[in-house]
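Structure, as structure tokens:
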Amino acid sequence: MKALLARALDLLYPPRCVSCGAFGPSLCDGCAARLAPARGPDRCGRCGARRDPSAACGGCAGWVALDGASAAFEMEGPARRIVHGLKYRGVRDLAEPMAEALWPLVRELGAETAIFAIPLHWRRRRSRGFNQSEVILGRLGTRPAPGRLERTRATASQVGLDARARRRNVAGAFRYRGPALDGAAVAVLDDVVTTGATAEECARVLRAHGAGRVHAIAYARAVNAPGQRPD
Ligand SMILES: [Zn+2]
Ligand SMILES: [Zn+2]
């Protein structure tokens, strides 16, 4: 019955690429080929920000708990439409290519790394119907993390805030429930990483529960531009 309904919906609304609108899979090959990698030698080895090698990196100077962050693509063009397609339009199929793009990052961290999805506040999760980071993590199919991260209070959108305001906005917003992490290597996964303020706050909490190495991984890396429209 469910399959029949899905087929009827496909006939009424044939699936299209979220980026260019071409009929077919939710991300077409052409748009997938246009994704801009957010990695390379011109970037800070710790946070992935583009940098002048002769100067210290401003992107991760404020990080205390977070060892590093990496993202698959720049938050531009198709990547932006993919992130928005999953998060705001609920196109869950997109979690598949997003998880695929995250695989090399996960492999670099090592199989022993426990990955936590960055949580939404329960109220936002209820209104959206899902947490996009959990959906992506589910597609990755890595072994379950030993406990769970929870968001204890709703926070204002980080959009339009500078790095310092972002840190203040998420301070004390998370807690960890589960066994002591005993020096374990862990990672937090989000759809987008910008200044890393949210990941840093999660890392602080995980370290307080014994985590050793803490990394952040994300599908897309956005440049912090206070005043821009929501991602
Ligand atoms: Zn396309
Ligand atoms: Zn850096």
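Conditions (1) closer than 21 Å to Ala72 by Cα; (2) out of contact with any helix residue (DSSP H, G or I) (no Cβ under 9 Å at 6 or more places or on another chain), marked per residue:
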position	(1), (2)
Pro97	yes, no
Leu102	yes, no
Arg123	no, yes
Ser127	no, yes
Ala156	no, no
| Inside the range 27-41, can you point out the residues that are within 19 Å of the chain's Cα centre (by Cα) and under 14 Å from Glu96 (Cβ atoms)? | Leu27, Ala32
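Conditions tested, residue by residue: (1) within 16 Å of ligand 1 (Cβ to nearest atom); (2) touching a residue at least 60 places away in the same chain (Cβ under 8 Å); (3) touching a His at 6+ places or on another chain (Cβ under 8 Å); (4) among the charged types (D, E, K, R).
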{"residue": "Pro25", "(1), (2), (3), (4)": "yes, yes, no, no"}
{"residue": "Ala33", "(1), (2), (3), (4)": "yes, no, no, no"}
{"residue": "Ala36", "(1), (2), (3), (4)": "yes, no, no, no"}
{"residue": "Gly45", "(1), (2), (3), (4)": "no, no, no, no"}
{"residue": "Gly48", "(1), (2), (3), (4)": "no, yes, no, no"}
{"residue": "Asp67", "(1), (2), (3), (4)": "no, yes, yes, yes"}
| field | Criterion (part of a helix (DSSP H, G or I), touching a residue at least 24 places away in the same chain (Cβ under 8 Å) and surrounded by fewer than 13 Cβ atoms within 10 Å (Cβ to Cβ)) met by exactly one of Arg166, Arg123, Arg139 | value | Arg123
| field | Output for the range 8-23, where each listed residue is within 14 Å of ligand 1 (Cβ to nearest atom) and outside any loop (DSSP other than H, G, I, E, B) | value | Arg16, Phe23
| For the range 40-57, does any single residue satisfy the condition of being among the acidic types (Asp, Glu) and within 24 Å of Val188 (Cβ to Cβ)? | no
| field | Test result for Asp52, within 16 Å of ligand 2 (Cβ to nearest atom), charged (D, E, K, R) and either within 27 Å of Ala154 (Cα to Cα) or crowded, with 20+ Cβ neighbours inside 10 Å (or both) | value | no
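Here's the yes/no breakdown for (1) within 16 Å of ligand 2 (Cβ to nearest atom); (2) part of a helix (DSSP H, G or I); (3) at pLDDT 95 or above; (4) in the same structural domain as Arg148 (by TED's automatic domain parsing):
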| site | (1), (2), (3), (4) |
| --- | --- |
| Gly45 | yes, no, no, yes |
| Gly58 | yes, no, no, no |
| Ala71 | yes, no, yes, yes |
| Ile82 | no, yes, yes, yes |
| Leu86 | no, yes, yes, yes |
| Ala99 | no, yes, yes, yes |
| Leu102 | no, yes, yes, yes |
| Arg107 | no, yes, yes, yes |
| Ile115 | no, no, yes, yes |
| message | I'm trying to understand the selection: among the residues of the range 185-227, which are hydroxyl-bearing (Ser, Thr, Tyr), within 19 Å of Arg81 (Cα to Cα) and in a loop (DSSP other than H, G, I, E, B)? | response | Thr194
| remark: By residue number, the members of the range 2-23 that are loosely packed, with under 13 Cβ neighbours inside 10 Å, among the aliphatic types (A, V, I, L, M) and either in contact (Cβ under 8 Å) with a residue 60 or more places away in the chain or on the phi > 0 side of the Ramachandran plot (or both) are none
| request: Would you be able to tell me the number of residues in the range 142-163 that are buried (at least 16 other Cβ atoms within 10 Å of the Cβ) and either part of a loop (DSSP other than H, G, I, E, B) or in contact with a strand residue (DSSP E or B) (Cβ under 8 Å, 6 or more places away or on another chain) (or both)? | output: 10
| Residues that are surrounded by fewer than 18 Cβ atoms within 10 Å (Cβ to Cβ) and in a loop (DSSP other than H, G, I, E, B), drawn from the range 169-184 | Ala171, Gly172, Gly178, Pro179, Ala180, Asp182, Gly183
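The values are calculated or read from the model by the stated rules, or taken from the named source; none is laboratory data. Predicted model only: the values in this text are computed from it and were never measured. Cβ atoms come from the backbone with ideal geometry, glycine included; neighbour counts cover every protein chain shown.
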